[in-house]
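Every read-out reported here was derived from the displayed coordinates using simple, explicitly stated rules and does not represent laboratory data. Keep in mind that this is a model prediction, so the values were computed, not measured. Here Cβ is always computed from backbone atoms with ideal geometry, including for glycine, and neighbour counts include all displayed protein chains.
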Amino acid sequence: MITTTTTTLAAENVLRLNLGWLDYMLVAIYFVFVLGIGFIARSQISTSLDFFLSGRRLPAWVTGLAFISANLGAIEIMGMAANGAEVGLSTMHYYWIGAVPAMLFLGVVMMPFYYGSKVRSVPEFMRRRFGPGAHLVNAISFALAQVLIAGVNLFLLATVINALLGWPRWISLIVAAVVVLSYITLGGLSAAIYNEVLQFFVILAALVPLTVFGLIRVGGWNGLKDKVIDTMSDGKVTASTHDQLTTWPGQALSGFDSPVWSVIGIVFGLGFVLSFGYWTTNFVEVQRAMASNSMSAARRSPIIAAFPKMFIPFVIIVPGMIAAAAIGDMIRLKTSGEGDITYNDAMLLMVRDILPNGLLGVAVAGLVASFMAGMAANISAFNTVFSYDIWQDYVVKDRPDSYYIMVGRIATVAAAILAIFTALIAAGYSNLMDYLQTLFGFFNAPLFATFILGMFWKRMTSTAGWVGLVSGTLSAVFVFILGEVGVINLPGQGVPFVAASAAFVVDIVVSVAVTTVTTPKPVAELAGLVYSETPREVFQDPDSAGKAWYYRPVPLAAVALTLTIILNVVFH
Amino acid sequence: MASKLSHLFDIRNVIGALLAIYGVVLTIAGFAPGLLRERDKGASNNPVDLSFGTDANWWVGLALIGVAVAFFAWAWLRPVRVEETPPTTPASP
C-alpha cells in the first residue's frame, strides 16, 4: 500500500522453515487451482472488454473482495506486521483513517463518474476531462509505476521463498512470473480477479489461526498488553509501551513531537491526501470496481470491501505485536536496535514459531499467493492502460477489437519479462527501488487534487489539468528530497505525509491560478465528467431502489463509517 | 449445458472446493500426526513458547470444512442467473 517498503530481510537460515511433503502438497494444490481458473476464465473472453474489464459483469461481492485483495499483497502483510511490531496499534490508522474513509468516498462520490462515463480506465477519464496533456502524464507514469512495482513484488517473492525454503532466487523468480503470465494471458482480468478472491480466503486461513493461537499463547489481549515493551533505537525510546497500545495521537507513527500536529498530520496527510489519492485514483483498485455488473455494484464494491478492510488489521498488526512481545530475536531488536533480523521478519517469525507442518503449507501458499496476486494486479492494470490509453489512443488507432486483445496479451508478456528485469535491478540496488517506490506513491496525491477539482468545478481548464499535476508532483519530490538531505527531520512516516500534503495544496493552487488565465472546455463536452453537468439519474441507481439497505451504496457506506468511528473510539 | 458448466465453475464453488480440500487434508494430518515429521524446533530464545502441536491442524481443518460447506450452500441456494443477452458494450468515445 502506501508504506515505504524496505527490501531487507534477515540473514539466511534464521527464517528457514522445514517444509514436509504435506506442506508442498498444499502449495501444489493451490497452484493447480490458480492455473485452472485461468483456463476457465479463458472461455469467457470474446471482446477486448471481456479481457480488460471482465465484460463488466461480475457481482459486487467478487469485485469488492478483489478490490482489497489486489492491495493485500505480501508487501502489505509483511510491512504492516513490521509496523505493528515497531509502533504497535497506531498502525491501525493506515486502515481506519487511511483506507476505509477513502474507499467509502470512492464508492459514494467518485464511482458514478468513473462507471457512469463508461471510461475503461482512470487515465481515460483524464483524457475525456482534460485532453491529451494530463492524459499522457497520467498514463505513462502509471504504466511505468506498475511495471516497477510488479518487479518489486516479484523480487520480494523470490527473497521470501529463498529465506523460507532455501530455493535459489532465480527459480522462484521465473516460476512465479510464468504462473502469473499464464493465467493473465489466458483469462485476462477475470482470471486475475477470481484468483484474488481465492487468495483472500487462503491468506485468511493462515492469518486467522496464526493470530488466535498467538493470542492464546501470550495469554489473550491482556496478556499481550502486559508483554509489550518499549521500542528503542540508538538508546532512545522511539515508541513507548503506552504509544504502542493506543492509536491516538500516534506520535510514534507520524514522528511529530506535538500531539496536535501528529493528529493533523495523520488525518490530513495520511488520511485525506495519501489515502484518498491512492484509493480513488489508482487504476489497479478502480479497475476492479469497474468490472462489476451495474452502477450499483460498482459503487458498492469499494464499500463492501471496507468491511473486511477494517477488521483485517487485527490479523496482520496484532501478530506483529505478538512477535515483538514473545519472540526472543524480535525482543532483542526492539530493546537494542540490533540483531540478525529486521522488523519485516515479524510475520515470518510468527509463522515459523507457531504453525505446525500442515498449516505451514497453508501459510506458505497464502504468502506466495499474495505476492503473485499483487504482481498480477499490477500487470492486469498495466496491460489495460498500455493497450487502451497508449497504444489505441496514440500509436495504432481504429483497428478491430480482436487486435487490441492481442496487444493486451503481448503487453502482458512484455510486462512480465520487464518485471523480471526490474526484480534483478531491485536485487542489485534495493535502496534505489525503495526511493522509486516512494516517489511513485506521491503521484497519487496531486492526481486526487486534479480529479476532485475537475469533477466539481466545470470551469477548470485542460491546461490547468496537466500543469497542476506536474507542479504538484514536483513539489512532492522537492519535499521528499528535503527530507532525504535532512532539511526536514521527521523520524516516522512524517516526511511522506508532508510531501503528499504539499503536493495536494500546490496542485490546487496552481490549477486554480492557471484556470483563471486559460479558456475552459465547452460545457456540452462535460456531461458525465463534471458534477453540475451530469444528469442526476446517473447518481441514482434505479436497480437498487426499494431494495434492502445493504443493496444500496449510501446506507451501506453510512454503516461502514459508523463502525470505523466505533473502532477508532474503542482503541483510542 | 452451458449453465451446468457455469454453475460448476461458479467462483463460490471453486473457493468451496479449495477450502474443502485444505480442510480434509489438515484434519487427516491433525488426527494422524505420524504422517508428518516432527519439526525440529531448534534452539529458541523465546520467553513464551508459541508453538502449537499438530492438533492445531484439525481445529483449523474442521473450521475450513465448515466455511467450504457455507460456500457450497450459498452457491446452491442462490445460483447465478445466466443471461442469454450479452451486456451492452459501451460506445467507444
Computed over the stretch A:338-435, the Cα gyration tensor eigenvalues, each multiplied by 5 and square-rooted, give semi-axes in Å (largest first) of 38, 18, 9
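How many percent of the alpha carbon pairs in the stretch A:346-501 exceed a separation of 29 Å? Mind dumping the intermediate values first?
On the way: 5406 of 12090 pairs.
When every Cα pair of the stretch A:346-501 is considered, 45 percent fall beyond 29 Å.
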Once the Cα gyration tensor of the protein assembly as shown is diagonalised, what are the square roots of 5 times its eigenvalues, in whole Å and ordered largest first, as equivalent ellipsoid semi-axes? 38, 31, 23
Hey, what did chain A get for relative contact order, percent, Cα under 8 Å, at least 6 apart? 29
Kyte-Doolittle mean at least 0.5, axial Cα span of 30 Å or more - DSSP H helices of chain A: A:21-42, A:132-165, A:169-218, A:359-384, A:401-428, A:462-485, A:494-517
Grab every C-alpha pair in the stretch A:207-247, bin the distances at 10 angstrom width from 0 up to the longest one, and report whole percents. 28, 39, 29, 4
Rg [Å, one decimal], Dmax [Å, integer] - the stretch A:107-209, C-alpha atoms: 18.1, 51
Fewest to most Cβ atoms within 10 Å: A:Y115, B:Y22 sort as A:Y115, B:Y22
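Within the P(r) computed for the stretch A:183-336, what percentage of the Cα pairs occupies the region above 18 Å?
Details: 8351 of 11781 pairs.
I get 71 percent for the Cα pairs in the stretch A:183-336 exceeding 18 Å.
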The stretch A:450-542 - Rg and Dmax from Cα coordinates, angstrom: 17.0, 55
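When the Kirkwood radius is taken over all Cα pairs of the stretch A:34-131, what Stokes-Einstein diffusion coefficient follows at 37 °C and 0.692 mPa s, in µm²/s? Could you put the intermediate results ahead of the total?
Values: Rh = 16.4 Å.
Rounded to a whole number, D works out at 200 µm²/s.
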By a straight-distance test (C-alpha under 25 Å), which lysines pair with A:K236 as possible cross-link partners, with residues fewer than eight away in the same chain excluded? A:K225, A:K227, A:K334
In cubic angstrom per residue, the convex hull of the stretch A:145-261 built on its Cα atoms measures 205
P(r) over all Cα-Cα pairs of the stretch A:290-369, 10 Å bins from 0 to the longest distance, whole percent per bin, short to long, reads 16, 32, 26, 16, 9, 1
